[in-house]
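The values are calculated or read from the model by the stated rules, or taken from the named source; none is laboratory data. Fair warning: this is a prediction, and the values are worked out from it, not measured in the lab. A quick note on method: Cβ atoms are made from the backbone with ideal geometry, for glycine too, and the neighbour counts reach across all protein chains shown. Protein only, heavy atoms only, side chains kept; ligands, DNA and RNA dropped before computing areas. Shrake-Rupley method; radii C 1.70, N 1.55, O 1.52, S 1.80 Å.
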Amino acid sequence: MLVEELMTSKVFTVEQHDLIDRVFFLIHYENIRHIPVVEEGKVIGILSDRDLYKALGPKNNSRAIESTANSKSAELHVTPQKVRHIMHRGVKTVTRNSSASDAAGIMARNKIGALPVVDKDNRLVGILSATDILRVFSKIDRENDAREKKLKAVPEKNKAEPAPEKKKAK
């Protein structure tokens, strides 16, 4: 199976000079976890939801959440940071024609949740996530379970039916 068969072609991206509030918006409103960072269409980095949460976390932003004086609600104050300060560089990538199992191996060995899919010029054409791979694995596993169940049912069916009697030759 090829990466092209599993990847997502509609990819949201950011540029290294964008503010992380754009990343926050994309992660929360588009329900995604990985965002490639591009420059002129070429992949130069990647961000995950975990990278964003680390950047917004209490250690890095101790005054991020404040309660208002007359209210029980809280306000979020984000220190303006650019994507380039929190993105991962040296991104592992795959091509459309890469084997899905090879891509899964890269992700497992490097403990990463997504791989940008690029063309020969390193231009982004899609993204392959661990969720994409798990979805296919789950489908294949269900199909194998159903096949095994059918195969087990065949011998039991044959045992239940008596064998036809053979006619004796005279």
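Once you place label points 7 Å from the Cα toward the Cβ at Leu151 and Asp21, how far apart are they in nm?
Between Leu151 and Asp21, the label points sit 5.9 nm apart.
Heavy-atom accessible area of His28 with all protein chains present, probe 1.4 Å, nearest 10 Å²?
Number for this one is 90 Å².
Can you give the extra length, in nm with one decimal, that the chain gains between Arg123 and Lys92 once fully stretched, where that is 0.36 nm per residue apart less the Cα-Cα distance?
9.8 nm
Can you check what the net charge comes to around Thr8, using other residues whose Cβ is under 15 Å from the Cβ of Thr8 (Lys, Arg +1; Asp, Glu -1)?
0
Accessible area per residue of the range 1-57 at 1.4 Å probe, in Å²?
57 Å²
Assuming 0.36 nm per residue, please report the length gained on full extension of the stretch Leu134 to Lys42 beyond their Cα-Cα distance.
30.4 nm
Would you calculate the convex hull of the Cα atoms in the range 1-62 and tell me its volume per residue in Å³?
Output value, Cα hull per residue: 106 Å³.
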